[in-house]
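Heads up: the structure comes next, in structure tokens.
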Amino acid sequence: MLGEKQVIEIRILSKRGITNREIAREMGCHENTVSKYLKEDWKKMKGISKLDPYKEHIIKRLEEYPSIKATVLFKEIKAQGYTGGMTIVRMYVHSIRPEDEIESTRFETAPGRQFQADWGEGETRIGGKSVVIKFFTMVLGYSRMLYAQIVNDEKLETLLQAHNKAFEYFGGYPHEGLYDNMKAVVKSLERKKEYNAKFTDFADFYGFRIITHRPYNPKAKGKVERMVPYVRNNILYAQSYSSLSELENTLLDWLVIANQRLHSYLKETPLERFEREKEHLNKLTRFYPLRRLNTRLVRESGQVIYKERAYRVPEKYTGKKVNLQTEGQMLKIYCEDDLINSQPLKDQVEVRSLKEYQKLVGA
């Protein structure tokens, strides 16, 4: 007679479309035995499992959160006194929940060649309230090394800041980046695809090539597509935090664990493969200055306008483009990488007419 662990494994293999004959060969039993256990109700199996007292909790949680991860359930029942292993929990969860859709075709890339990036979001509870959380994910194509961070929005500046953080986390970056047609990357899809000029400036600064898949084909970047629900289900789904800071710290700690998981397809951990890939990454020597997103033209009066207030710069910069960056209550003005002026931010005033505004900015 087969044990519960073996029977559950038979059921998992069957759900994946594997024939009874192949399952029998894999399990080292007769084909009729496989048929027998596929027909029998698992509840009728004899013997007592360490998991038995916790199955009701698992079923209830799956009814409430159908996509909850087995690792989360394992942590919950372990806190309740479960002394068994993780494998039987994972197999049990798989046996009573349909398998997630698995990509039939996988495209592998050489070490250091490509990263994939995407947005994600999900609900969690913070301070007792249900909150929608947005996050950014980046995956290295060869190693599957993962980075993720919580974000406030999906604006261009947020995207570039998240890239800077991801490149810092990896200690470098691949030679090309694969994206969907997110607005921060693609300006227009009509006739010929047009990229956002400021995002192109960002890519040129680092020297990586931008690649986007054709519209409505998200599976083209399947590595990061699989990581979005992976982050959501492990960090947000069915979880509760006292504050946003606790959530952010939990995510950073979890990344260490996630990057040491055994990849089911590659049969290695991302961290092991990253040890080979990191030597092929572009070296990170400096970060893209986000001030390059905030450009102004110096007027003939030697002024630049920021939030309806005028700030002076040396006259030799008249007619040139400069970049603005706020730090606390200071406005810093750069020409390329040179700081040319730093002034306290001026209080905003209410402008009631065009003449008042022209007078304010010296027009």
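Please give the number of the condition GLN303 fails out of (1) modelled with pLDDT under 90; (2) within 38 Å of the chain's Cα centre (by Cα).
Here GLN303 clears every test but (2).
Under the condition of being touching a residue at least 40 places away in the same chain (Cβ under 8 Å) and not in a strand (DSSP E or B), which residue from region 144-161 is surrounded by the fewest Cβ atoms within 10 Å (Cβ to Cβ)?
Taking the candidates together, the pick is GLU157.
Of all residues in region 281-311, which are hydrophobic (A, V, I, L, M, F, W, C), in contact (Cβ under 8 Å) with a residue 60 or more places away in the chain and in a loop (DSSP other than H, G, I, E, B)?
Matches in region 281-311: LEU281, LEU284, PHE287.
Which of (1) exposed (fewer than 14 other Cβ atoms within 10 Å of the Cβ); (2) touching a residue at least 40 places away in the same chain (Cβ under 8 Å); (3) part of a helix (DSSP H, G or I) is the odd one out, the single condition LYS278 does not satisfy?
Of everything listed in (1) exposed (fewer than 14 other Cβ atoms within 10 Å of the Cβ); (2) touching a residue at least 40 places away in the same chain (Cβ under 8 Å); (3) part of a helix (DSSP H, G or I), LYS278 misses just condition (1).
Determine if region 320-342 includes at least one residue that is among the charged types (D, E, K, R), within 30 Å of VAL139 (Cα to Cα), modelled with pLDDT of 85 or more and in a loop (DSSP other than H, G, I, E, B).
Residues of region 320-342 among the charged types (D, E, K, R): 320-321, 327, 332, 336-338.
Now restrict to residues that are within 30 Å of VAL139 (Cα to Cα): none.
No, that holds for no residue.
All but one of (1) buried (at least 16 other Cβ atoms within 10 Å of the Cβ); (2) in the same structural domain as TYR230 (by TED's automatic domain parsing) hold for ILE340; which doesn't?
For ILE340, the failing item is (2).
Mind listing whichever residues of region 242-278 are closer than 19 Å to GLU168 by Cα and among the hydrophobic types (A, V, I, L, M, F, W, C)?
Selection gives LEU251, LEU252, TRP254, LEU255, VAL256, ILE257, ALA258, LEU271, PHE274.
Output yes when any residue across region 131-141 is assigned to a strand (DSSP E or B), without any contact (Cβ under 8 Å) to a residue 40 or more places away in the chain, surrounded by 14 or more Cβ atoms within 10 Å (Cβ to Cβ) and more than 16 Å from the chain's Cα centre (by Cα), and no when none is.
Yes: one or more hits.
Between a first residue in region 197-210 that is touching a residue at least 24 places away in the same chain (Cβ under 8 Å) and a second residue that is surrounded by fewer than 17 Cβ atoms within 10 Å (Cβ to Cβ) and polar (S, T, N, Q), which pairs have beta carbons less than 8 Å apart while being 6 or more apart in sequence or on different chains?
Correct list of pairs: TYR206/ASN282; GLY207/ASN282; PHE208/ASN282; ILE210/THR200.
Is at least one residue of region 31-44 in a loop (DSSP other than H, G, I, E, B), more than 33 Å from the chain's Cα centre (by Cα), at pLDDT below 85 and farther than 28 Å from TYR241 by Cβ? Even if it seems obvious, please write down each step before you answer.
Of all residues in region 31-44, those in a loop (DSSP other than H, G, I, E, B) come to 40-41.
Next cut, more than 33 Å from the chain's Cα centre (by Cα) only: 40-41.
Applying the additional criterion that residues be at pLDDT below 85 yields 40-41.
When the remaining residues are screened for being farther than 28 Å from TYR241 by Cβ, the result is 40-41.
Yes; the residues of region 31-44 include at least one that is in a loop (DSSP other than H, G, I, E, B), more than 33 Å from the chain's Cα centre (by Cα), at pLDDT below 85 and farther than 28 Å from TYR241 by Cβ.
For every residue, the table says whether it meets (1) farther than 21 Å from ALA203 by Cβ; (2) surrounded by 15 or more Cβ atoms within 10 Å (Cβ to Cβ).
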| residue | (1), (2) |
| --- | --- |
| ARG286 | no, no |
| ARG292 | no, yes |
| VAL298 | yes, yes |
| VAL304 | yes, yes |
| ARG309 | yes, yes |
| PRO314 | yes, no |
| GLY319 | yes, no |
| VAL322 | yes, yes |
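Kindly indicate whether ASP118 is assigned by TED's automatic domain parsing to the domain that holds ASN259, touching a helix residue (DSSP H, G or I) at 6+ places or on another chain (Cβ under 6 Å) and charged (D, E, K, R).
In short, yes.
Would you mind telling me which numbered condition in (1) under 29 Å from PRO111 (Cα atoms); (2) touching a residue at least 24 places away in the same chain (Cβ under 8 Å); (3) loosely packed, with under 15 Cβ neighbours inside 10 Å ARG226 fails?
If we test ARG226 against (1) under 29 Å from PRO111 (Cα atoms); (2) touching a residue at least 24 places away in the same chain (Cβ under 8 Å); (3) loosely packed, with under 15 Cβ neighbours inside 10 Å, just (3) comes out false.
Restricting to region 142-182, count the residues that are under 20 Å from ARG292 (Cα atoms), more than 13 Å from the chain's Cα centre (by Cα) and of a type in the set (A, V, I, L, M, F, W, C).
3
The values are calculated or read from the model by the stated rules, or taken from the named source; none is laboratory data. Computed from a prediction, not measured in an experiment: that's the story for all the values here. Heads up, the Cβs are rebuilt from the backbone with ideal geometry, glycines too, and the neighbour counts pull from every protein chain shown.
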